[in-house]
């Protein structure tokens, strides 16, 4: 009985420690994200991030090897959030063109929202695209897979003609590139939404059965 109790207590203790580690890591990422996007990546120091978190510089380094590692982890987190949110708004019972529109408009809304509230976001995007292409490629692969799934459902329902799904999805991903990149978010979202609607309509004309 004592052995079972000790094992259970040890497991609980490990879970509590893991939760505390996760909370501290999230605190650092949140503080760093605010500084990177509002003041700029190059102008942010580890000392400032530590001060915002009310911890020592040494404690920050316990979780991240350097400033770039923090930026990379934050970017991966935001990409995951964005990908998940875009996939979640797609109702597989809708027409395929509606699914595609829902997916693309969610990407636009999230990108526009981040860009408008983060004056130095482009600096961070530049860092990730220049030095961590593998992360960008993983995200692009997820977008590709999501669009492929929409097209496959459209073909199965008879709404869309038979096609090379991978090739068509890649073309759509490239065609809608403007609407998920912070660099192009200087226009009012209503203007971009109207443009995107027109583009999706044009794409659908080429895909419908």
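Just so it is clear, none of the values below were taken in a lab; they were calculated from the coordinates. These figures come from a predicted structure and were not determined experimentally. FYI the Cβ positions are ideal-geometry reconstructions off the backbone, even for glycines, and counts take in every protein chain you see.
Structure notes:
- Nearest-ten-degree value, helix 189-207 long axis tilted from longest Cα axis of the chain: 50
- All-pairs alpha carbon distance profile, segment 55-138, 10 Å steps from 0, percent: 15, 37, 30, 14, 4, 1
- Residue order, fewest to most beta carbons within 10 Å, for 86, 104: 86, 104
- Relative to the longest principal axis of the Cα atoms of the chain, the long axis of helix 121-131 makes an angle of roughly 90 degrees.
- Whole-angstrom gap from segment 90-139 to segment 39-67, using each part's C-alpha centre: 27
- Seen against the Cα atoms of the chain and their longest principal axis, helix 2-39 is set at about 60 degrees.
- When 165, 191, 143 are sorted by how many other C-beta atoms sit within 10 angstrom of their C-beta, beginning with the fewest, the order is 191, 165, 143.
- Pair residue 66, residue 81: separation of 7 Å Cα→Cβ label points (nm): 2.6
- Put in order of Cβ neighbour count within 10 Å, fewest first, the listed residues 36, 177 become 177, 36.
- In the chain, the calculated helix contribution to ellipticity at 222 nm averages -26000 deg cm²/dmol per residue, counting -39,500 (n - 2.57) for every DSSP H run with n ≥ 4.
- Over segment 68-209 - Rg/Rh using Cα atoms and the Kirkwood inverse-distance radius: 0.98
- Springs between Cα atoms under 10 Å define the GNM used for the chain, and in it the highest mean-square fluctuation of 111, 44, 65 occurs at 65.
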